[in-house]
Amino acid sequence: MVAFLGLSRQEVQEKYWRVTGGVVQMKTVAGHCIFYDENRGCTVHGGRPWRCGQWPLHPSILRDPNNFATIRSSCPGLNAELSYEEFCTRLRQLLDETDSLMF
C-alpha cells in the first residue's frame with residue numbers, strides 16, 4: 001500500500017491507518033473503509049493489504065452471527081438477503097475447495 005500510494009509508511013499510517021496495539025486497520029468514513037468510493041469501489045485495489053483482499057470473508061463470521069451482522073452492515077458487496085447460515089455454508093464450501101483463502 002505504501003508503494004502504491006507513493007507515500008512514506010509514516011504518512012500512510014498517519015492519514016489512513018488506525019493502529020491499536022499491534023493491529024492495523026483502515027480508518028473509516030461514513031461506516032466504510034477510507035479508500036471505498038460508492039462509484040468506484042476500492043480506490044487502492046492494486047495496493048490493498050492481504051486482509052482486504054479476503055474481505056468480507058473474515059474468519060470471525062464463522063464463530064459469531066453478530067460479527068456477520070456487523071460486517072454485512074458495512075460491506076456493500078455482501079448479499080443482504082443471504083442468511084447467516086447460508087453464508088457460513090457457502091464460505092465453508094469455498095474454504096474446502098481452495099487453498100487461496102488462508103486466514
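Just a yes or no: is a residue in the range 78-95 touching a strand residue (DSSP E or B) at 6+ places or on another chain (Cβ under 7 Å) and not assigned by TED's automatic domain parsing to the domain that holds M1?
Within the range 78-95, the first condition is being touching a strand residue (DSSP E or B) at 6+ places or on another chain (Cβ under 7 Å), and the residues that meet it are none.
No, because not a single residue in the range 78-95 is touching a strand residue (DSSP E or B) at 6+ places or on another chain (Cβ under 7 Å) and not assigned by TED's automatic domain parsing to the domain that holds M1.
How many residues does the range 52-81 contain that are loosely packed, with under 13 Cβ neighbours inside 10 Å and basic (K, R)?
Of the residues in that region, 1 qualify.
From V24, V44, V12, which residue is over 15 Å from the mean Cα position of the chain (by Cα) and surrounded by 13 or more Cβ atoms within 10 Å (Cβ to Cβ)? Step through it out loud before you land on a result.
Working: V24 fails: over 15 Å from the mean Cα position of the chain (by Cα); V44 fails: over 15 Å from the mean Cα position of the chain (by Cα).
Exactly one of V24, V44, V12 is over 15 Å from the mean Cα position of the chain (by Cα) and surrounded by 13 or more Cβ atoms within 10 Å (Cβ to Cβ), namely V12.
List the helices (runs of 4 or more DSSP H) that sit entirely inside the range 1-80 and contain at least 1 residues that are of a type in the set (S, T, N, Q) and without any contact (Cβ under 8 Å) to a residue 60 or more places away in the chain.
Values: elements: 2-5, 9-16, 50-54, 65-74.
Passing ranges, in order: 9-16, 50-54, 65-74.
The values are calculated or read from the model by the stated rules, or taken from the named source; none is laboratory data. Everything numeric here is computed off the predicted structure, so don't read it as measured data. With ideal geometry, Cβ positions are generated from the backbone for all residues, glycine too; neighbour counts draw on all protein chains shown.
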